[in-house]
Structures are given as C-alpha cells and as structure tokens.
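Below: one structure, written as structure tokens.
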Amino acid sequence: MTSTSADVPALWAVRRSSTGTRISSAALLAAGVALFAVPFGFAAGVVQQLTTLFIFMILAVMWNALAGYGGQVSVGQQAYLGFGAYATIFLTQHAVPPYLAVLLAAVASALLAVLLAPLLLRLRGGQFAVGSWVVAETLALLVALDADLGGGTGISLRGLNAYAPNLRRAYTYWITLAILLFLLGLVVYLLRHRMGVALQAIRDDEDAAAALGVRTGPLKFGLFVLAGFGCGAAGALTLANTLFIQPQSIFGVQWTAYMIFMVLVGGIGTFEGPILGAILFFLLQQQFAQYGAGYLIGLGIIAAGFALYLPRGLWSLPADRLHLRLLPVGYHLQRRVARPSARRSDV
C-alpha cells in the first residue's frame, strides 16, 4: 500500500506577524503624539536631554537596519553623521534657514550614500567595514582642511541664535521626534513587506539569496541609502542640539562604538532591541560619561559580556519568556493543525 505525496499534510506554514499589530501601532502612534507635548510641560533641560535620547535612537535603528537586517556591518556611519552636521553649516552659510538646512542636510547625506554605494557595496564583511571607516576618516580630513567650515577648531551654528533658547530647543525636539517616528515607520513597513525577508536572506547568505532570485543589489543599495539619510539627519540634529561641532568629535569612531553597543545590548535584528539599547546607553552616559576613557572601556566590557552570555540582547528576555512583542513584524513559522483525511491506496 502506497500513498501519494499530495496526501502528506505540510507540518509548517509561513505566516506574517499580525497579532495585535493594529493595537500596537495605535498605541505607539498615540505615545508619539503625546511626546510632542513635552516642551509645553517640562523644563528646558529635560527637552534637550530627550532630544539627545531620540538622536541615539535614530542612530541605533539605522545601524540595526544596516547590520541587523541587511548584514552590512559598518564601522564608518560617522561619515554621514559628520557630513550631515557640516552640510547644515554649509547651507546656513548660503542663506538657507537653519531648520530647513537640517532637513536638506539629511537628503544630502542620502545623496552621498548614493555616490558611495557603487564603491562600498562591492565589498563584503571586514572589507566593507574597513572601507566605510576609511571614507569617514577621509571626510574628516577634508573638513579639517577647510577654513570656511572652521577647520580643525570647530564651528558654531550661528543661524539658530535668532531663536529664543526655549523656542530653539522645542523646534529641535519636535523635528528630532518627527524624524525618529518617520524612520521607525519606514522600518516597520520594510519588515512587514517581502523586502524585509529578502534583506534578512541576504544577511544570512547573500549568494544563496541571489540563487533563489533575490535582487540583492537594489535591496542593499536602498538600505545603504536609508542608513545614510538617517545618520545624516542624526548629525544635523546633533549640531542643532549642541550648536557646536569639531571634525575630530563628530567624525569620531566612538559614534560607531555607541551604535554597536546600543544594538548589541538591546538585541540585534529586532525592532524593539535598538530602542531599549538606546535608552540604556543614554542612562549610562548620564551617569558615567565624565570618566572619559574608563567609560568607553566599561562600555566595551559590557558589550563583550552581552556578546558572550546574552548574544540576542536584553529584548530576548521578555520576548522569549513572556512572548512580548512591542510591534509584531516580519514572518514566522506556524505549525499546522493536523486534520484527518482519507488516503488513496493502490493494491
């Protein structure tokens, strides 16, 4: 007695995450709208600190999208951070209003990524990481040699002096929050689309993904440009929040260390992890940043500990034990319920 393969039920099926998506999306949207009211009810220092936290979140979300979903481990994203900041200075020097210059600088950073993509995306693994770092160092050197941009001594964003301090902090806060919500929305859309699955396939094995028909080139290009836009926006907003920058600080490799720490500790390749990691990093910075090199060494030790003993990050704890997901995204395997069925047989 034999049975045909069509009679054997599939044990697993691929399903897109959808449980609670509408409720979670509505709750997050309501929380985002509520955050816009912060400048009306809190002191100026709180507004400025929250702006810093949101900038960290932007950086964490962008680096996680690039490395956690696309497999492009960059140690040179500070190139776009610095470029966005100095593009803001350049635009304001040419009579562009400061906050418009912030937005245009983010777009200019995306255009920079478009120009660099044909060169850098040919590289993989360690070569890509080193290549991105070389680009950042080159840009830092070029800016330091430009006297119109302040040279190596740094420069201030004087255009914002026209605004009252409280009003300036509020505007910077609102723009930062709006860009953060915009980028989070893009990431959610990406992960709920087939492109998100394709990118993760590229991350796991680019050659195998290409063999299965995944268009690896355009997908990597789009993600690379998105990360350039987000990091450029973070650099421009950092300038608007602090009003002063120097090449050695804004182009410093410590920014990459911050991004890696936030994503690794929070949970690489997850939606919620980088947000949690950014909050933890912000709290640690508030408490220990004054210790200088010792602070950076401490961050490295913590990151190494997580890599060894909790490689999936802090978010894996509530996600695994409580099955908690802030916003269900992506796809998952679901076991089919076996149903009794008559089988054909041949004697």
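The values are calculated or read from the model by the stated rules, or taken from the named source; none is laboratory data. Treat the numbers as computed from the prediction; the structure is a model and nothing was measured. Glycine also receives a Cβ, built like all others from the backbone with ideal geometry; neighbour counts cover every protein chain displayed. Just the protein is used for accessible areas: all its heavy atoms, side chains included, with ligands, DNA and RNA removed. Shrake-Rupley method; radii C 1.70, N 1.55, O 1.52, S 1.80 Å.
See the values below:
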| read-out | value |
| --- | --- |
| Cα-centre dipole for the chain with unit charges at Cβ (Lys and Arg positive, Asp and Glu negative), debye to 20 | 1140 |
| Per residue accessible area of the chain, 1.4 Å probe, in Å² | 51 |
| Shape category assigned to segment 227-330 from the gyration tensor of Cα positions, a/c cut at 1.5 | oblate |
| Packing rank of 206-214, 125-133, 245-253, where each peptide gets the mean count of other beta carbons within 10 Å, highest leading | 245-253, 125-133, 206-214 |
| For segment 282-287, Karplus couplings with θ = phi - 60° (6.51, -1.76, 1.60), whole Hz, Gly/Pro x | 4, 5, 5, 5, 5, 8 |
| Ordering of 282-294, 183-195, 156-168, 255-267 by packing [mean C-beta count within 10 Å, highest first] | 255-267, 183-195, 156-168, 282-294 |
| Hz values of 3J(HN,Hα) by residue in segment 66-73 - Karplus curve (6.51, -1.76, 1.60), Gly and Pro given as x | 6, 9, x, 9, x, x, 9, 7 |
| Heavy-atom SASA rank of Asp204, Asp146 (probe 1.4 Å, accessible area, largest first) | Asp204, Asp146 |
| Computed helical MRE - 222 nm, the chain, DSSP H runs ≥ 4 contributing -39500 (n - 2.57), nearest 500 | -21000 deg cm²/dmol |
| GNM top mover of Ala319, Ala170, Ala140 - the chain, alpha-carbon springs below 10 Å | Ala319 |
| Gain in span if fully extended, Ala307 to Arg158, counting 0.36 nm per residue against the direct Cα distance | 49.4 nm |
